[in-house]
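First up is the structure itself, then whatever we jot down about it.
The values are calculated or read from the model by the stated rules, or taken from the named source; none is laboratory data. Predicted model, so just to flag it, every value in this text is computed and none were measured. As a convention, Cβ positions derive from the backbone with ideal geometry for all residues, glycine included, and neighbour counts pool all protein chains shown. Side chains included, ligands, DNA and RNA excluded: accessible areas come from the protein's heavy atoms. Shrake-Rupley method; radii C 1.70, N 1.55, O 1.52, S 1.80 Å.
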Amino acid sequence: QVQLVESGGGLVRPGGSLRLSCAASGTISSINAYGWYRQAPGKQRELVATLISGGTTNYADSVKGRFTISRDNVGNTVYLQMNTLRPEDTAVYYCNARSFRDILEGNVGYWGQGTQVTVSS
């Protein structure tokens, strides 16, 4: 089992920055891919960024050049640095963790509880 706890959300003005953290615990050695997703009111959850073992990253077109996903050296915390925030970035942000087996089998993996990000003047 893997537990994920997100933090770092809040209210920020357009153009501002936030850094989200996802603290992972449990059998994290089984995890090969971390992802950040977001869900705005009335919308489906969407992929924001992924980080795969080895360092490969992938971003949604809407956040490329503004957001950066990274992992600490110990490997227990995954970050999402968000710069130049826009009102349309407002959403609940969720951390996800999956093994390669989860990916191949289409399993959802593990989810955190989410953290609210609100971008507003």
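Hey, what number do you get for the chain at 222 nm if only DSSP H runs of n ≥ 4 count, each worth -39500 (n - 2.57), divided across all residues, to the nearest 500? Working shown, then result.
Numbers: 1 runs with 6 residues, N = 121.
Here the helix-only value at 222 nm equals -1000 deg cm²/dmol.
Under the definition of Cα pairs under 8 Å and six or more residues apart, what whole-number percent is the relative contact order of the chain?
Working: 287 pairs, mean separation 44.1, N = 121.
Contact order relative to length: 36 percent.
May I ask you to evaluate 6.51 cos²θ - 1.76 cosθ + 1.60, the Karplus curve with θ = phi - 60°, for each residue of the range 45-60 and list the ³J(HN,Hα) values in order in whole Hz, giving x for glycine and proline?
Ordered by residue, 3J(HN,Hα) equals 5, 10, 6, 9, 7, 10, 9, 10, 3, x, x, 5, 10, 8, 10, 5 Hz.
Tell me which residues come under 5 Å, amide H to amide H, from Ser99 once H is placed; ignore anything under 5 positions away on its chain.
Amide H neighbours of Ser99: Asn32.
Whole number in Å², please: accessible area per residue of the chain, 1.4 Å probe, ligands, DNA and RNA not counted. Walk me through the intermediate numbers first.
Values: 6440 Å² over 121 residues.
In whole numbers, the chain has 53 Å² accessible per residue.
Around Arg98, what is the net charge, scoring Lys/Arg as +1 and Asp/Glu as -1 over all other residues with Cβ under 15 Å from its Cβ? Don't skip to the end; give the middle numbers.
Numbers: positive: Arg45, Arg71, Arg101; negative: Asp102, Glu105.
Net of charged neighbours comes to +1.
At 0.36 nm per residue, minus the direct Cα-Cα distance, what do Gln113 and Asp61 gain on full extension? Give it in nm, one decimal, please.
Values: separation 52, 0.36 × 52 = 18.72 nm, distance 2.47 nm.
The span from Gln113 to Asp61 would gain 16.3 nm if fully extended.
Could you run the Karplus curve 6.51 cos²θ - 1.76 cosθ + 1.60 with θ = phi - 60° over the range 93-98 and give me ³J(HN,Hα) per residue in whole Hz, x for Gly and Pro?
9, 10, 9, 10, 9, 9
In the chain, carbon and sulfur make up what percent of the accessible area (probe 1.4 Å)?
Working: 3140 of 6440 Å².
On the chain, the fraction of accessible area on carbon and sulfur atoms equals 49 percent.
Once you've got the GNM for the chain with C-alpha springs shorter than 10 Å, pick whichever of Glu105, Glu88, Glu46 has the biggest mean-square fluctuation.
Glu105
Determine ³J(HN,Hα), in whole Hz, for all residues of the range 11-21 in sequence, where each value follows from phi through the Karplus function 6.51 cos²θ - 1.76 cosθ + 1.60 and θ = phi - 60°; x replaces Gly and Pro.
Whole-Hz 3J(HN,Hα) from phi for the range 11-21: 9, 9, 7, x, x, x, 10, 9, 10, 8, 10.
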